[in-house]
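Trainee: So that we are looking at the same thing, I have put the structure below in structure tokens.
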Amino acid sequence: MSIHDEGYIKFNCKLSEKKIFVPDDILIKINYWRNRFKLFRMIGVLDNGIGFGNISYNINGEKFYISGSSTGDVSELTNYHIAKVTFCNVEKNLVECEGKINASSESLSHYSIYKSSIGAKAVIHIHCKHLWNKYMNKLPTTAPDAYFGSVELANELKRLSKNTTSNIIIAAGHEDGIFSYAESIDKAAENLLRLY
Ligand SMILES: [Zn+2]
């Protein structure tokens, strides 16, 4: 499975359509870092229109904000492009959210880290072939058969983020995929930039 499959995975997203208000400071941080990673092509959109990479912000361990599905080509995210995830069930591949857009199909990966980590407030997921190859099995690395959107990947992220607040995980079964989590969006982003 490759990044080209991303966006086609059928995951069950139940959207309660209502306007949500992401706090300004969080929206600004998400856009700031998203635009920087877009310049490096670590977040963005493929030629076929499928987006990759996303940023989430943990509200309280159960609920979090995450960029919406198919927003890879949006230059500045607003409240209309972000979903507030309110419930997840990994085994059922189920995400419930509020907003005007479905949550990213990678929401369950972000959720697994928040459930397992102590104090992670942000998760940044990027795609980068160079860093993915360079740090495979040198940083915490998921099992190679834990593919994009699978329960196995969620469980691997849970296992590797357990009892930590900040780290970087290489997703071996999700081509080019890297997850960074930390106590703030800034810290999660800076940890990634430090790898360069
Ligand atoms: Zn990905």
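The values are calculated or read from the model by the stated rules, or taken from the named source; none is laboratory data. Please read all numbers here as calculations on a predicted model, not as lab measurements. Reconstructed Cβ throughout: ideal geometry from the backbone, glycine too, with neighbour counts over all protein chains shown. To get the accessible areas, we keep the full protein, side chains included, count just its heavy atoms, and leave off ligands, DNA and RNA. Shrake-Rupley method; radii C 1.70, N 1.55, O 1.52, S 1.80 Å.
Trainee: Which ³J(HN,Hα) values in Hz, rounded to whole numbers, follow from the phi angles of the stretch 120-135 under the Karplus curve 6.51 cos²θ - 1.76 cosθ + 1.60, where θ = phi - 60° and Gly and Pro get x?
Mentor: 5, 10, 8, 10, 10, 10, 10, 10, 7, 4, 4, 5, 4, 5, 5, 9
Trainee: Please compute the modelled spin-label separation between THR165 and SER184, points set 7 Å along Cα→Cβ, answer in nm with one decimal.
Mentor: My value for the distance between the label points is 1.2 nm.
Trainee: Right, something else. Which links in LYS63/LYS158; LYS19/LYS84; LYS18/LYS92; LYS63/LYS121; LYS38/LYS115; LYS29/LYS138 stretch past 18 Å when you go from one Cα to the other?
Mentor: On the way: LYS63/LYS158 16 Å; LYS19/LYS84 10 Å; LYS18/LYS92 24 Å; LYS63/LYS121 11 Å; LYS38/LYS115 27 Å; LYS29/LYS138 29 Å.
Among LYS63/LYS158; LYS19/LYS84; LYS18/LYS92; LYS63/LYS121; LYS38/LYS115; LYS29/LYS138, the Cα-Cα distance tops 18 Å for LYS18/LYS92; LYS38/LYS115; LYS29/LYS138.
Trainee: Within straight cross-link reach of LYS100, meaning Cα distance under 16 Å, which aspartates and glutamates are found once same-chain residues fewer than 8 apart are removed?
Mentor: GLU17, GLU76
Trainee: Under the rule a/c < 1.5 gives rounded, and otherwise a/b versus b/c splits prolate from oblate, where does the stretch 46-135 land using the Cα gyration tensor? Intermediate results must be reported in sequence, preceding the final value.
Mentor: Values: a/c = 1.67, a/b = 1.12, b/c = 1.49.
Oblate, since a/c reaches 1.5 and b/c is not below a/b.
Trainee: Please list 3J(HN,Hα) in residue order for the stretch 170-183, calculated via the Karplus relation 6.51 cos²θ - 1.76 cosθ + 1.60 where θ = phi - 60°; whole Hz, with x for glycine and proline.
Mentor: Along the stretch 170-183, the couplings run 8, 9, 4, x, 10, 3, 6, x, 9, 10, 10, 9, 6, 6 Hz.
Trainee: If the only charges are +1 at each Lys and Arg Cβ and -1 at each Asp and Glu Cβ, what is the size of the charge dipole of the chain around the Cα centre, to the nearest 20 debye? Walk me through the numbers before you get to the answer.
Mentor: Details: 23 positive and 21 negative charges, 74 e Å.
With only Lys, Arg, Asp and Glu charged at Cβ, the dipole is about 360 debye.
Trainee: Specify, per residue and in Å³, the volume enclosed by the convex hull of the alpha carbon atoms belonging to the stretch 3-195.
Mentor: Considering the Cα atoms of the stretch 3-195, their hull volume per residue is 100 Å³.
Trainee: Which far-off residues, 5 or more places away or on another chain, put their amide H under 5 Å from the one on MET42, with H placed in the peptide plane?
Mentor: The answer is none.
Trainee: Turning to a different aspect of this structure: Filter the trypsin sites (Lys or Arg not before Pro) in the stretch 13-55 down to the DSSP loop ones having no more than 10 other Cβ atoms within 10 Å, then list what survives.
Mentor: On the way: sites: LYS14, LYS18, LYS19, LYS29, ARG34, ARG36, LYS38, ARG41; in loops: LYS18, LYS19, ARG41.
Answer by residue number: LYS18, LYS19.
Trainee: A further question follows. Helix-only estimate, please: 222 nm mean residue ellipticity of the chain, summing -39500 (n - 2.57) across DSSP H runs of length 4 or more and dividing by its residues, to the nearest 500. Intermediate results must be reported in sequence, preceding the final value.
Mentor: Numbers: 5 runs with 55 residues, N = 196.
Computed ellipticity for the chain at 222 nm equals -8500 deg cm²/dmol.
Trainee: Of VAL151, VAL123, VAL74, which is the most mobile in a GNM of the chain whose springs link Cα atoms less than 10 angstrom apart?
Mentor: VAL74
Trainee: Have a look at LEU131, LEU39, LEU108 and tell me which one the Gaussian network model of the chain (Cα, springs below 10 Å) gives the largest fluctuation.
Mentor: LEU39
Trainee: What FRET efficiency comes out for the pair MET136/TYR32, r = Cβ-Cβ distance, R0 = 35 Å, nearest 0.05? If you can, show how the numbers build up before the last one.
Mentor: Numbers: r = 29 Å, r/R0 = 0.82.
Efficiency, from the Cβ-Cβ distance: 0.75.
Trainee: Where the centroid of each part is defined by its Cα atoms, how far is the stretch 80-104 from the stretch 122-183 in Å?
Mentor: A separation of 21 Å, based on Cα centres.
Trainee: Go through the stretch 68-81 residue by residue and turn each phi into a ³J(HN,Hα) via Karplus (6.51, -1.76, 1.60, θ = phi - 60°); whole Hz please, and just put x for glycine and proline.
Mentor: For the stretch 68-81, the Karplus-derived couplings read x, 5, 6, 10, x, 9, 7, 7, 9, 6, 10, 4, 7, 9 Hz, x marking Gly and Pro.
Trainee: Need one number: % antiparallel among DSSP beta bridges in the chain, to the nearest 5. Don't skip to the answer; put the middle values down first.
Mentor: Working: 29 of 36 bridges.
Percentage antiparallel, nearest 5: 80.
Trainee: Net charge near ILE185, counting Lys/Arg +1 and Asp/Glu -1 over other residues with Cβ under 9 Å of its Cβ? Spell out each step's value before the answer.
Mentor: Values: positive: LYS29, LYS121, LYS187; negative: ASP186.
Net charge in that neighbourhood comes out at +2.
Trainee: Ignoring any ligand, DNA or RNA, what whole percent of the accessible area of the stretch 3-195 comes from carbon and sulfur when the probe is 1.4 angstrom?
Mentor: Numbers: 4330 of 8680 Å².
Carbon plus sulfur share of accessible area: 50 percent.
Trainee: How far apart, in nm, are two points set 7 Å out from the Cα along the Cα-to-Cβ line at ASP145 and at ASN191?
Mentor: Result: 2.8 nm between the two label points.
Trainee: Taking loop as defined by DSSP and a crowding limit of 12 other beta carbons within 10 Å, which GluC sites (Glu not before Pro) in the stretch 50-110 fit?
Mentor: Details: sites: GLU62, GLU76, GLU91, GLU96, GLU98, GLU106; in loops: GLU62, GLU76, GLU91, GLU106.
Answer by residue number: GLU76, GLU91.
Trainee: Sticking with this one: Mind checking the full-extension length gain between GLU91 and ASN48? Use 0.36 nm per residue of separation minus the Cα-Cα distance, one decimal, nm.
Mentor: Details: separation 43, 0.36 × 43 = 15.48 nm, distance 2.94 nm.
Gain on stretching GLU91 to ASN48: 12.5 nm.
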